[in-house]
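The values are calculated or read from the model by the stated rules, or taken from the named source; none is laboratory data. Just so it is clear, the structure is predicted and the values come from calculations on it, not from any experiment. Note that we place each Cβ from the backbone using ideal geometry, even for glycine, and neighbour counts take in every protein chain shown.
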Amino acid sequence: MNSGKNKPAPAGAAESAPARFDVIVVGGGPAGLAATFTLARAGVSVACLERGSWSGSKNMMGGVIYSHPTSRVFPQFWREAPLERHVTRRDMWFATTDSAIKASFESADFGVEPYNSFTVYRARFDKWLAAQATAAGAWMITETLVEDLLREDGRVAGIRSGRPQGDLEADVVIIAEGVNSFLTERAGLASCPPQAANVALAVKEVLALPKEKIEDRFDLEPGAGAAIEIIGEITGGLPGTGFIYTNRDTISIGVGVLLNSLVDNVTEAYTILDKFKQQPQLRRLIQGASPREYSAHLIPEGGYRCMPQLYGDGVLVAGDAAGMVNPINSEGANLALLSGQMAAETVLACRQQGRFDRAALALYQRRLERSVVIQDLKKYENATPFLASHPQLFGLYPELMAALAREFLTVDNLSKANKEKLLLKLFRSQVPARRLLKDLYDAWRSLT
Amino acid sequence: MPINSVVCIKQVPDTSQVRIDPETGSLVRQGIPSVANPYDLYALETALSIRDRHGGFITALSMGPPQAEEVLRKTLGYGADRAVLLSDRAFAGADTLATTYALAAAVEKIAAGSLVANIGSGKGVDIVFCGKQSIDGDTGQVGPGLARRLSFSQLTYVCSLLEVDLKAMRVKAWRQREDGRELLQAQMPVAVTVTEQCSSIRYASLPGLIAAAKKPVEVWSAADLNVERGRLGLKGSPTRVSKIFAPPARQRGEALSGPGKSAGEMAASLFDRLADRGLKIGRRGG
């Protein structure tokens, strides 16, 4: 960064500022920065406009990013990027208000290069991504909100920002503006109206705890981390999940719940989070940890059905703005990175022909369809409506599993044979066979 | 004739997010983002508006850790022509005496450079702008200290810089006092410290930001300046902080309220209370 160190004359030392760019990227998150970085490294003049005072400043994600997709854009990023812990353990809890069934997977090879995933603070990680883009030659412009698109003969020809002399022209605009995708709507590309049924609200607290304590409590090797997903009564029976991620010396803990279910049940997400933290098995993990931050953010979960038109004349859409979130596996950042990279590669290919119209940029859609991005989103296209219409998955079933486990493990004067009968009776009384079959069938249809 | 000015910018912790450690009384700076000292941005705007009128060249100057580059980069976005950061371990721990020593040496270097490059009025640096004080140290000494070291005239607590007369090499300004304002005139070169009554910083234009995005921030170490090392940083700082404490929170005043009572009744109850506290009140004609 200190490229100017000890350089004497200021005049002429700076690269002259271009009046237009080949490509403008709107939004400096993972999608936008992957696109910006890829284009800059290929020698294209590219400006990335970010509304925050730096990339990451508006981000609240303290969660997991995956090695493989990230290293496709930023090879061997783990050697330099600010990461918290490499994740060696993934847990899934089925929890009630006072008990939990825990499924845990741990693997030694998750603990060595190239690793599988890392916990990160995106506020720091995105800043690092932006520094890579700058080093590759991109123009990072922060604190600048893009308010509209410029049009010329019906095609997108640039952007209008809120700054004085705020218009800027380009051959192509890549919209990577995140979940509140106003420009996508303005460009006439949106397919679903913004609806509470299509977004989840995630609330999160960051709690400070000494790193030795984290490693003790979560049973981790030094530097290794755990990611825990929690389903059950913990979300008040609403469609959503809880999560805990271990960072270096903090813990991220939160819940994500479909926004419309909060509205329908007249509940606030923070009330759910407060209850969640009182769950005894969970409380033990965070005991004595002091709160550092509280934040909330929307996550687009409309999935494939709500995906906007991804390309138009002179415009592409990537990342959250394009609804690229897989709610089943809690993946978003990696889809954003990959789609940003593919948007950039599409632009590079189109530059060869000097054409940026719809027909040429349709290549982006074809690339995405061949990739995990659209394949995964298509696979789970019915997931969000399925989960929303089957609240028993978040209330009844975990509750029942716990009840069965409790009964099975309790030793009393019931003979084992009678115990089995009792368990079966208990199960049938809660879930008639027909209903179980239907739920299984629905799940199979929606999720496989 | 254009004016060559230097604006001193200090990187300070964003006080809206600073907490005070109740035990030690010191600021908890860990993890707190840094911003430009707000008064320094009023100083920068004052310099920019003078350049708008007369033309000229503005150098933003800061001393601090390498991260202070970000704050300086912002000044380039607002329209500063050049940004210089004094960054070296030798500068660390400086009080205002050592700070002004290093900054003055940098201003002299900038002045010498502008003479060679024929920037500004052709007389070196014409005006040094500072904020009236920093929001973390609050001393208000750096501006006047610079004036003294550079043998510049000085105008402190300027709330409005009225006019710059390039022929006579004079500036005229309103100075804020506790009891009012005074109109002052000073000979250039001059050091000016400004208050929040000056215009707040402009909204940088998009072309300005683009131009700034890749402008280098020059980093100077102690070796780049004509200085004696013993007078820099902690070594050159006679000031020692012997104690820090957080001021006790002010007691809330007492408010009298009497719904349905007349003004006369309220006044009477006020008099009674004052009398209870031993205040002697003479009543006219009583």
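For the reader, a short list of remarks on this structure follows.
- Condition met for B:Ser34 (more than 22 Å from A:Gly52 (Cβ to Cβ) and out of contact with any helix residue (DSSP H, G or I) (no Cβ under 6 Å at 6 or more places or on another chain)): no
- Within the stretch A:19-36, being more than 20 Å from the chain's Cα centre (by Cα) and either on the phi > 0 side of the Ramachandran plot or at pLDDT 95 or above (or both) holds for A:Phe21, A:Asp22, A:Val23, A:Ile24.
- Test for A:Gln281: is it in a loop (DSSP other than H, G, I, E, B) and in contact (Cβ under 8 Å) with a residue 40 or more places away in the chain: no
- The sole residue among A:Phe125, A:Phe118, A:Phe105 that is surrounded by fewer than 17 Cβ atoms within 10 Å (Cβ to Cβ), within 20 Å of A:Ile65 (Cβ to Cβ) and among the aromatic types (Phe, Trp, Tyr) is A:Phe105.
For every residue, the table says whether it meets (1) without any contact (Cβ under 8 Å) to a residue 60 or more places away in the chain; (2) away from chain A (no Cβ under 14 Å); (3) not in a loop (DSSP other than H, G, I, E, B).
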| position | (1), (2), (3) |
| --- | --- |
| B:Ile50 | no, yes, yes |
| B:Glu69 | no, no, yes |
| B:Arg73 | no, no, yes |
| B:Val84 | no, no, yes |
| B:Leu103 | no, yes, yes |
| B:Ala106 | no, no, yes |
| B:Val116 | yes, no, yes |
| B:Phe129 | no, yes, yes |
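- The stretch B:57-73, residues that are touching a helix residue (DSSP H, G or I) at 6+ places or on another chain (Cβ under 8 Å) and crowded, with 23+ Cβ neighbours inside 10 Å: B:Phe57, B:Ile58, B:Thr59, B:Ala60, B:Leu61, B:Ser62, B:Met63
- Subset of the stretch A:45-65 (residues that are surrounded by 18 or more Cβ atoms within 10 Å (Cβ to Cβ) and not aliphatic (A, V, I, L, M)): A:Cys48, A:Glu50, A:Arg51, A:Gly52, A:Trp54, A:Ser55, A:Gly56, A:Lys58, A:Asn59, A:Gly62, A:Gly63
- Taking the numbered list (1) surrounded by 15 or more Cβ atoms within 10 Å (Cβ to Cβ); (2) away from chain A (no Cβ under 14 Å); (3) in contact (Cβ under 8 Å) with a residue 40 or more places away in the chain; (4) out of contact with any helix residue (DSSP H, G or I) (no Cβ under 7 Å at 6 or more places or on another chain) in turn, B:Ile244 passes all entries but (1).
So that you can scan it fast, the table gives a plain yes or no per residue for (1) closer than 30 Å to B:Lys235 by Cβ; (2) within 14 Å of chain A (Cβ to nearest Cβ); (3) modelled with pLDDT under 95:
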residue	(1), (2), (3)
B:Ile3	no, no, yes
B:Arg29	yes, no, yes
B:Pro38	no, no, yes
B:Glu45	no, no, no
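- Residue check for B:Arg229: surrounded by 11 or more Cβ atoms within 10 Å (Cβ to Cβ), within 27 Å of the chain's Cα centre (by Cα), among the basic types (Lys, Arg) and more than 12 Å from chain A (Cβ to nearest Cβ): yes
- For the stretch A:89-144, a residue qualifies if it is within 30 Å of A:Asp216 (Cβ to Cβ) and within 14 Å of chain B (Cβ to nearest Cβ), and the qualifying residues are A:Tyr121, A:Ala123, A:Arg124.
- Among the residues making up the stretch B:189-204, those that are in contact (Cβ under 8 Å) with a residue 12 or more places away in the chain and either crowded, with 21+ Cβ neighbours inside 10 Å or within 14 Å of chain A (Cβ to nearest Cβ) (or both) are B:Pro189, B:Val190, B:Ala191, B:Val192, B:Thr193, B:Val194, B:Cys198, B:Ile201, B:Arg202, B:Ala204.
- The residues in the stretch A:356-380 that are crowded, with 16+ Cβ neighbours inside 10 Å and within 17 Å of A:Gly332 (Cα to Cα) can be counted, and the count is 9.
- Residue in the stretch A:67-86 that is surrounded by 18 or more Cβ atoms within 10 Å (Cβ to Cβ), within 12 Å of another protein chain (Cβ to nearest Cβ) and in contact with a helix residue (DSSP H, G or I) (Cβ under 8 Å, 6 or more places away or on another chain) present: no
- Of the residues making up the stretch B:205-223, just one is farther than 20 Å from A:Gln132 by Cβ, part of a loop (DSSP other than H, G, I, E, B) and either more than 7 Å from chain A (Cβ to nearest Cβ) or over 25 Å from the mean Cα position of the chain (by Cα) (or both), namely B:Ser221.
- Test for B:Lys10: is it crowded, with 16+ Cβ neighbours inside 10 Å, among the charged types (D, E, K, R) and within 30 Å of B:Ala246 (Cα to Cα): yes
- In the stretch B:91-101, the residues that are surrounded by fewer than 22 Cβ atoms within 10 Å (Cβ to Cβ) and part of a helix (DSSP H, G or I): B:Thr96, B:Leu97
- When A:Ala133, A:Ala95, A:Ala108 are checked against the criterion of being over 22 Å from A:Asn326 (Cβ atoms) and touching a Phe, Trp or Tyr at 6+ places or on another chain (Cβ under 7 Å), A:Ala133 stands alone in meeting it.
- Single condition B:Val192 does not satisfy, out of (1) assigned to a helix (DSSP H, G or I); (2) in contact with a Phe, Trp or Tyr (Cβ under 6 Å, 6 or more places away or on another chain): (1)
- Yes/no for A:Leu273 being assigned to a loop (DSSP other than H, G, I, E, B) and crowded, with 19+ Cβ neighbours inside 10 Å: no
- Condition check for A:Asp167 on (1) of a type outside the set (Lys, Arg); (2) over 30 Å from A:Val64 (Cα atoms); (3) crowded, with 24+ Cβ neighbours inside 10 Å: one failure, at (3).
- Note on the stretch A:361-416: among residues that are acidic (Asp, Glu) and not in a helix (DSSP H, G or I), the one that is modelled with the highest pLDDT is A:Asp412.
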